[in-house]
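> Shown below is the structure under consideration.
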């Protein structure tokens, strides 16, 4: 009975780990990453996955690794990948596309506003410099 429950915990954890990996994949699809950032994400993910697996094994089985636990995690990953992963990726892509488009529009707006502000400030700075130059010329000629 205890081994059966632990096996189902392992199946559940395997599915959850692959779900988390799919979330990371979605992040990579919608946000550009540099090569070093993807490598860092992978390292962090696998360290967190190892910690989750270790924690489950430690708390449920006093740290003893059993074959049925490893098989359960593999089965959970296989079941998630076979039945849920494609639906999750498609569904979240359908939801996140408008969010990405909105973000791109906002980013373009901010970029254009910054250019306009910079242009206005530079024109104002040029006017101020010209006025200062004229005033200096007035003072130099008056002496």
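> Just to be sure, is residue 113 out of contact with any helix residue (DSSP H, G or I) (no Cβ under 6 Å at 6 or more places or on another chain) and at pLDDT 95 or above?
The answer is no for residue 113.
> Select, from 20, 64, the only residue that is in a helix (DSSP H, G or I) and without any contact (Cβ under 8 Å) to a residue 60 or more places away in the chain.
Just a single option satisfies the conditions, and that option is 20.
> Can you work out which of the residues in the stretch 1-15 that are free of Cβ contacts under 8 Å to residues at least 60 places away in the same chain and outside any loop (DSSP other than H, G, I, E, B) is nearest to residue 61 (Cα to Cα)?
Applying the filter and picking the extreme gives 2.
> Given the criterion over 14 Å from the mean Cα position of the chain (by Cα) and under 30 Å from residue 99 (Cβ atoms), identify the matching residue among 49, 64, 39, 20.
49
> Contact list please: Cβ distance under 8 Å, first residue in the stretch 35-46 and free of Cβ contacts under 8 Å to residues at least 40 places away in the same chain and on the phi < 0 side of the Ramachandran plot, second residue outside any helix (DSSP H, G or I) and surrounded by 12 or more Cβ atoms within 10 Å (Cβ to Cβ), pairs at least six apart or on different chains.
Sorted first by the residue in the stretch 35-46, then by its partner, the pairs are 41/33.
The values are calculated or read from the model by the stated rules, or taken from the named source; none is laboratory data. In this text the structure is predicted, and so the values were computed from the model without any measurement. Positions of Cβ are generated from backbone atoms using ideal geometry, with glycine treated the same way; all protein chains shown enter the neighbour counts.
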